[in-house]
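> Provided herewith is a single structure, encoded as structure tokens, for subsequent inquiry.
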Amino acid sequence: MSDSKLNIVVIGASGHLARTKIYPALFSLYCQGFLPDDFYIAGYARSSMTQATFRERITEKLTCRYSPEGDDCSHNMEAFLGRCCYHAGQYDSGADFSAMANEAGLSPKDNTLFYLAVPPSVFYPVAEAIQDAGLVGHAEDPWTRIVIEKPFGRDRVSSDELTELMGQVFSETQVFRIDHYLGKEVIQNLVVLRFANLIFEPIWNRDYIESVQITWQENKSIEGRGGYFDEVGIIRDVMQNHLLQILALVAMEPPSRLGATHIQDEKVRVLKCISPPGVDEVVTGQFVGTTSDKYTVMGYKDDPTVPDDSNTPTYAATVMHVVNRRWDGVPFLMIAGKGMDASANEIRIQFRDVPANMFRLAGENPSRNALVINVQPDASIYFEIVAKVPGVGMKLDSRLLDLRYASAFNEIIPDAYEDLLLDVINGEKSLFIREDELAASWDVFTPLLKEIEAGGVSPVDYPFGSKSGPEAAAALAERHGMTLTDFQASKDAT
Ligand code: NDP
Ligand code: BG6
């Protein structure tokens, strides 16, 4: 760790991401001794707030999980909060950023990290204002770096424009485009699972794999994030980035070497093989409120931060086709939904039937193999195999070869933002999105987004707490020989 002072400026510090992920991750890094001795964290946003209110808000989500058992770590929290301040200002005002820099004591001699935890529409105004305030330094010694959250732009054209504009202020070396799913343990393990185990590569193709299902869902609403979410919708919020990155890691060819360039090269190559889904391959939905004897749950449009006439999808299901020799004909079903019955993110690799299966010929109905990678909530990998049920006679059933992180490893699973923030501080880019990767991802979704926004697809209502979103989603899956996963049922079964 360098001895230089580190200043971190969290822009959008009043928001959800800052409170729930960035400050907790910085606190965890602090508790583990990964921040330099001399650091300062300046929060910046438009909302006016006292220092006490701000500290109270961020304290709520700080945890002591890296402290020895029984230690409430309040001394660590006090020390950490003593390095955190809040400054109110406009996002497009160089003068306001200068005032913040003066109050916070930012100096061009220090390393400075700007974290843009704001909607994409304000990325460039912020970059320009930081530049006007004279706060953009060099790429190295001391460095200035900027972290940009997804979605980067609204489509291919606006993303290219934004890249160009941001490039006028920051060099590519200084820009870290974050997709926090790449920092999740189980996602980082995908390359290890595929390429450090001999058995998977020979069967990882259209001859053995029938379909791939990548499902992401949350059993919560948007929690007052309408200011951000209603501008983007679920496809830009989750599919174009988190889920497409997962697809790329599942489908890419083996990189020739470890390291950012090789892995990113392969991701770009496979992203370019995806044929953009058309409107006949997509279902969108928006969750509505539900009322029972016991409670009333708000719908998307009931959130005070969402316009009453919003047409923004909170659910989408789409089938993607990777047109290359490895995957031709294998459907990749991608699902993302808020307001569902359970929170989960899972990758299901469904294998084909055993040809001329003697058990089937003998009248049994054996199930097929599936490899399931549960990113969350369980962090686990399991393989569904067919086994003989003990007892007289030949009865077959499906059972799991099961690797659960919680029991297989003693280590604490870090939050994705811990790993990624440390990478930014260390200047390590492997888990960040390269410019051409971003362009290739927008190429996959831009035609569909345009058709949706031209009115080609309207979101269908589904009740908050729904098991499988709009009914048409199950029909879409079925058309491609798949069944939607029932996460609540699997949760109840464990
Ligand atoms: P919020 O809606 O909480 O927005 C963050 C802050 O930005 C708000 O507190 C508000 O601050 C300001 N803001 C909100 N809407 C607007 C607007 N329309 N114009 C200008 N400023 C606005 O969103 P999140 O914090 O959830 O998300 C911010 C970014 O982080 C997004 O790009 C999102 O994709 C990304 N992200 C979020 C995650 C999460 O879990 N929340 C996870 C991963 C990424 P003020 O009014 O005080 O200026
Ligand atoms: C963010 C989205 O990128 O990811 C949010 O903007 C979503 O809408 C969040 O809730 C989910 O992240 P995680 O790590 O809680 O699964």
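> Only residues in segment 15-27 that are at pLDDT below 95 and within 6 Å of ligand 1 (Cβ to nearest atom) count as the first member; pair them with residues that are open to solvent by 20 Å² or more (accessible area, probe 1.4 Å) and not hydrophobic (A, V, I, L, M, F, W, C), Cβ under 6 angstrom, at least 6 apart or cross-chain, and list the lot.
So the pair list comes out as H16/R225.
> Which residue is surrounded by the fewest Cβ atoms within 10 Å (Cβ to Cβ), if the candidates are limited to segment 106-130 and must be away from ligand 1 (no atom under 16 Å from the Cβ) and under 29 Å from the mean Cα position of the chain (by Cα)?
Looking at residues that are away from ligand 1 (no atom under 16 Å from the Cβ) and under 29 Å from the mean Cα position of the chain (by Cα), I get N111.
> Hey, another quick one. Going residue by residue through segment 432-445, is there one that turns out to be in contact with a Leu (Cβ under 6 Å, 6 or more places away or on another chain), closer than 29 Å to M320 by Cα and assigned by TED's automatic domain parsing to the domain that holds H242? Reasoning before the result, please.
Just the residues of segment 432-445 that are in contact with a Leu (Cβ under 6 Å, 6 or more places away or on another chain), to begin with: 440-441.
This time we only want the ones that are closer than 29 Å to M320 by Cα, so: 440-441.
If we keep only those that are assigned by TED's automatic domain parsing to the domain that holds H242 as well, we get 440-441.
Yes, segment 432-445 has at least one match.
> Return yes when M320 is aliphatic (A, V, I, L, M), assigned by TED's automatic domain parsing to the domain that holds E478 and within 16 Å of ligand 2 (Cβ to nearest atom) and no when it is not. Give the derivation first.
Numbers: aliphatic (A, V, I, L, M): yes; assigned by TED's automatic domain parsing to the domain that holds E478: yes; within 16 Å of ligand 2 (Cβ to nearest atom): no.
In short, no.
> I need the full set of residues from segment 221-235 which are within 11 Å of ligand 1 (Cβ to nearest atom) and either within 19 Å of A473 (Cβ to Cβ) or of a type in the set (G, A, S) (or both), in order please.
Listed by number, the residues that qualify are G224, G226, G227.
> From L403, L448, L484, grab the single residue that is within 24 Å of the chain's Cα centre (by Cα) and assigned to a loop (DSSP other than H, G, I, E, B).
Matching residue, one of L403, L448, L484: L484.
> I would also like to ask the following. Give the residue that is surrounded by the fewest Cβ atoms within 10 Å (Cβ to Cβ), with candidates limited to residues of segment 325-366 that are β-branched (V, I, T) and either within 16 Å of ligand 2 (Cβ to nearest atom) or assigned to a strand (DSSP E or B) (or both).
I349
> For segment 53-66, enumerate the residues that are open to solvent by 50 Å² or more (accessible area, probe 1.4 Å), farther than 12 Å from L29 by Cα and either assigned to a helix (DSSP H, G or I) or modelled with pLDDT under 90 (or both).
The answer is T53, R55, E56, R57.
> Residue check, S430 against (1) buried (at least 17 other Cβ atoms within 10 Å of the Cβ); (2) over 29 Å from M298 (Cα atoms); (3) of a type in the set (S, T, N, Q), all met but one. Which one?
With (1) buried (at least 17 other Cβ atoms within 10 Å of the Cβ); (2) over 29 Å from M298 (Cα atoms); (3) of a type in the set (S, T, N, Q) applied to S430, the lone miss is (1).
> Which of the following residues is surrounded by fewer than 14 Cβ atoms within 10 Å (Cβ to Cβ) and either in contact with a His (Cβ under 9 Å, 6 or more places away or on another chain) or not in a loop (DSSP other than H, G, I, E, B) (or both): E103, E140, E69?
Numbers: E140 fails: either in contact with a His (Cβ under 9 Å, 6 or more places away or on another chain) or not in a loop (DSSP other than H, G, I, E, B) (or both); E69 fails: either in contact with a His (Cβ under 9 Å, 6 or more places away or on another chain) or not in a loop (DSSP other than H, G, I, E, B) (or both).
Exactly one of E103, E140, E69 is surrounded by fewer than 14 Cβ atoms within 10 Å (Cβ to Cβ) and either in contact with a His (Cβ under 9 Å, 6 or more places away or on another chain) or not in a loop (DSSP other than H, G, I, E, B) (or both), namely E103.
> Is at least one residue of segment 194-208 touching an Asp or Glu at 6+ places or on another chain (Cβ under 8 Å) and within 16 Å of ligand 2 (Cβ to nearest atom)? Talk me through it step by step, then tell me what you get.
Residues of segment 194-208 that are touching an Asp or Glu at 6+ places or on another chain (Cβ under 8 Å), as a first pass: 194-195, 206.
Keeping just the survivors that are within 16 Å of ligand 2 (Cβ to nearest atom) gives none.
Looking for residues that are touching an Asp or Glu at 6+ places or on another chain (Cβ under 8 Å) and within 16 Å of ligand 2 (Cβ to nearest atom), one finds none in segment 194-208, hence no.
> Across segment 143-152, what is the total count of residues that are open to solvent by less than 30 Å² (accessible area, probe 1.4 Å) and part of a loop (DSSP other than H, G, I, E, B)?
The total comes to 2.
> Name the residue, out of D155, D179, that is more than 25 Å from D419 (Cβ to Cβ) and within 16 Å of ligand 1 (Cβ to nearest atom).
From the options D155, D179, the qualifying one is D155.
> Now, a different point. Sort out for me the helices (runs of 4 or more DSSP H) sitting completely within segment 208-298 that have 3 or more residues that are over 16 Å from the mean Cα position of the chain (by Cα) and crowded, with 17+ Cβ neighbours inside 10 Å.
260-271
> Under 6 Å by Cβ, and 6 or more places apart or on different chains, what pairs join a residue from segment 194-215 that is farther than 18 Å from L333 by Cα with one that is loosely packed, with under 15 Cβ neighbours inside 10 Å?
Pairs that qualify, where the first residue is farther than 18 Å from L333 by Cα and the partner is loosely packed, with under 15 Cβ neighbours inside 10 Å, are R194/F200; F195/P254.
> How many of the residues in segment 3-42 are of a type in the set (A, V, I, L, M, F, W, C) and open to solvent by 20 Å² or more (accessible area, probe 1.4 Å)? Before the answer, list the steps.
Keep residues of segment 3-42 that are of a type in the set (A, V, I, L, M, F, W, C), which gives 6, 8-11, 13, 17-18, 22, 25-27, 29, 31, 34-35, 39, 41-42.
Now narrow it down to the ones that are open to solvent by 20 Å² or more (accessible area, probe 1.4 Å): 17, 31, 34.
The number of residues fulfilling the criteria is 3.
> For the list (1) more than 23 Å from D419 (Cα to Cα); (2) within 16 Å of ligand 2 (Cβ to nearest atom); (3) among the β-branched types (V, I, T), I need the number of the one condition that T50 fails.
(2)
The values are calculated or read from the model by the stated rules, or taken from the named source; none is laboratory data. The model shown is predicted, which means the values in this text are computed figures rather than measured ones. Here the Cβ is made from the backbone with ideal geometry for all residues, glycine too, and neighbour counts use every protein chain on show. Quick note on the areas: whole protein, heavy atoms, side chains included, nothing else; ligands and nucleic acids left out. Shrake-Rupley method; radii C 1.70, N 1.55, O 1.52, S 1.80 Å.
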